[in-house]
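Asker: Shown below is the structure under consideration.
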Amino acid sequence: MKYRTMGKLGIQSSAFGLGCMRFNGPASGDTIIDEQKAISLIRRAIDGGVTYMDTAYVYLDKTSEIVLGKALRDGYREKVTIATKMPLEAVHDQASMQELLDTELKKLQTDHIDFYLMHGINKQKWEAFKAIGAPEFFDDMKKEGKIRYKCFSFHGPYEEFEYILNDCDWDLTQIQYNFMDINNQAGTKGLELAYRKGIPVVIMEGLLGGRLAKAPANVQALYDAFPVKRSAVEWAFRWLCNHPGVSVVLSGCNEGEQIDENLRIFDTVEPGIMTPEELQLMDNVREAYLSRTKIGCTGCRYCMPCPNGVNIPGIFSVWNNCSLYDTSPRWNWDLKQIREKDNGADHCIGCGACEAACPQHLPIIESLQQAWRELTAE
Ligand SMILES: NC(=O)c1ccc[n+]([C@@H]2O[C@H](COP(=O)([O-])OP(=O)(O)OC[C@H]3O[C@@H](n4cnc5c(N)ncnc54)[C@H](OP(=O)(O)O)[C@@H]3O)[C@@H](O)[C@H]2O)c1
């Protein structure tokens with residue numbers, strides 16, 4: 001495992017951080033987490049050298065912190081740092097923030113949280129956090145030793161990231177970033193701004209939630225033609241770790257084999273490791289993905305809820321996936337669900353509430369109609 005210095009904090013972390021948001025249930029489609037399996041995955045990662053564990057109050061129906069707390073018994077807590085998060089929706093004043101933090105400490109079976117994050121903020125949420133005194137609360141908790149670092153995770157456009165980053169004395173930030181998202185959300189500009197300020201950056205969605213692990217045929221052809229053979233996952237992580245501003249790359253793993261593969265990859269990756277030919281390959285791969293991407297929806301859900309019940313990100317995700325992987329919408333399980341729940345684009349009345357909220361400025365109304373025509377054509 002490669003370890004990196006976390007910017008101005010000066011402490012070391014494993015480059016691979018375990019995301020605790022995607023543990024599965026015992027059987028496919030189960031919503032209840034398979035606790036024993038999750039505990040063994042967590043310990044497998046730690047035994048392999050992972051020192052950064054990422055969870056949140058709301059993950060997995062509020063059970064992720066509990067399972068992580070159990071996994072960190074028997075001496076494992078001392079081997080790792082814990083990152084967890086405060087959701088704006090669960091707090092409204094100092095007392096409720098205190099209650100929430102104490103609940104999280106109890107669930108995690110620990111007396112302190114290393115990295116405490118305001119969860120998934122944009123400018124609007126940041127202003128709301130400020131209005132209820134969250135920055136002062138985090139500072140007080142640092143003094144009391146209940147948290148070590150004041151942090152935030154971010155989903156929004158670059159301009160809002162820049163504003164938030166410069167508006168407070170942050171210890172760390174977590175952003176969505178991968179080789180497809182260079183100009184999306186905080187993007188490369190955001191990563192470099194944080195790097196210049198010495199603020200460590202933790203990466204989420206490094207594989208776009210798993211999509212970049214499964215190369216479509218035109219992408220696979222590029223990987224196959226390259227003289228050095230690597231898996232799609234390795235290319236994605238290698239590209240991320242090439243940047244010196246990346247402190248930790250989170251990956252949510254569901255299988256022991258995924259942990260093992262990621263441990264192997266993170267044994268080899270260092271800043272500046274990519275050759276010009278490799279960087280060119282990743283530019284070509286990005287173009288190949290984009291050439292088959294129907295719409296640049298990132299699933300951020302700013303457009304939701306739709307007043308007429310249209311599952312906008314769900315429809316766009318099916319549309320993109322059918323195009324990327326050349327599969328028929330007829331057999332698509334997500335589309336079946338959308339139709340069964342009556343969340344189709346046939347309910348769109350063109351009110352435009354979604355377009356006003358979309359940070360990517362997508363032509364949602366028109367695209368929904370096109371997507372629905374293509375997806376429902378017999
Ligand atoms: N703060 C926030 O707002 C926020 C938002 C999103 C995520 N997060 C955090 O960031 C973490 C990372 O994000 P993410 O889970 O979306 O990460 P990700 O790395 O983009 O996607 C994780 C998925 O990638 C696949 N995967 C991982 N390793 C693999 C391997 N070696 N081979 C094949 N597939 C592999 C798995 O997909 P399958 O399950 O399909 O096998 C896994 O569920 C989350 O777990 C969570 O802790 C935070």
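Laboratory data are not the source of any read-out in this text; all were calculated from the coordinates shown. None of these values were measured; they are calculated from a predicted model. Neighbour counts run over all protein chains shown; Cβ positions are idealised from the backbone, glycine included.
Asker: Kindly work out what percent of the DSSP beta bridges joining two residues of the chain are antiparallel, to the nearest 5.
Answerer: 10 percent
Asker: Checking the cross-link filter: which lysines have an alpha carbon closer than 23 Å to that of Lys62, excluding same-chain neighbours under 8 positions apart?
Answerer: Lys37, Lys70, Lys85, Lys106, Lys107, Lys125, Lys146, Lys150
Asker: What Kirkwood hydrodynamic radius do you get for the chain when you take the inverse of the mean 1/r over all pairs of distinct Cα atoms, in Å?
Answerer: Value: 21.8 Å, from the Cα pair sum.
Asker: Name the residue farthest towards the positive end of the dipole of the chain from the options Thr268, Ile82, Leu208, assuming +1 on Cβ of Lys and Arg, -1 on Cβ of Asp and Glu, about the Cα centre.
Answerer: In the chain, that residue is Thr268.
Asker: Can you tell me how the range 50-143 classifies by the Cα gyration tensor, rounded, prolate or oblate, using a/c under 1.5 as the rounded cut?
Answerer: Taking the square roots of the gyration eigenvalues as a ≥ b ≥ c, the range 50-143 is prolate.
Asker: Find which of Tyr57, Ile46, Trp126 sits farthest along the positive direction of the dipole of the range 3-286, computed with +1 on the beta-carbon of Lys and Arg, -1 on that of Asp and Glu, about the Cα centre.
Answerer: It is Ile46.
Asker: Net charge within 14 Å of Thr275 by Cβ-Cβ distance, Lys/Arg positive one each and Asp/Glu negative one each, not counting Thr275 itself?
Answerer: On the way: positive: Arg230, Arg238; negative: Glu270, Glu277, Glu278, Asp283.
Result for the neighbourhood of Thr275: -2.
Asker: Give the shape of the range 173-297 as rounded, prolate or oblate, defined through the alpha-carbon gyration tensor: a ≥ b ≥ c are the square roots of its eigenvalues, a/c under 1.5 means rounded, and otherwise the shape is prolate if a/b is larger than b/c and oblate if not. Write out the running numbers ahead of the final one.
Answerer: Numbers: a/c = 1.41, a/b = 1.21, b/c = 1.16.
Because its axes are fairly even, with a/c under 1.5, the range 173-297 counts as rounded.
Asker: Right, another one. Which of Leu240, Leu100, Leu191 moves most in a GNM of the chain, Cα contacts under 10 Å?
Answerer: Result for the chain, Cα springs under 10 Å: Leu100 fluctuates most.
Asker: Related question: For the range 65-70, take each phi angle, set θ = phi - 60°, evaluate the Karplus expression 6.51 cos²θ - 1.76 cosθ + 1.60, and give the result in whole Hz per residue in order, putting x for glycine and proline.
Answerer: With coefficients 6.51, -1.76 and 1.60, one gets 4, 5, 5, 4, x, 5 Hz.
Asker: List the residues, sorted by chain then number, that are 5 or more residues from Thr81 or on another chain and whose placed amide H is less than 5 Å from its amide H.
Answerer: Distant-sequence amide H within range of Thr81: Tyr52, Met53.
Asker: Residue by residue through the range 302-314, which ³J(HN,Hα) values in whole Hz follow from phi under the Karplus form 6.51 cos²θ - 1.76 cosθ + 1.60 (θ = phi - 60°), with glycine and proline marked x?
Answerer: Karplus values, whole Hz, x for Gly and Pro: 4, 6, 9, x, 6, x, 10, x, 6, 7, 4, x, x.
Asker: Of the options Ile312, Pro363, Gly344, report the single residue whose Cα projects farthest towards the positive end of the charge dipole of the range 312-376 (beta-carbon charges: Lys, Arg +1; Asp, Glu -1).
Answerer: Toward the positive end, the furthest listed residue is Gly344.
Asker: Under a cut-off of 20 Å between alpha-carbon atoms, report the aspartates and glutamates in cross-link reach of Lys189, not counting same-chain residues fewer than 8 places apart.
Answerer: Glu159, Glu160, Glu162, Asp167, Asp169, Asp171, Asp181, Glu205, Asp283, Glu287
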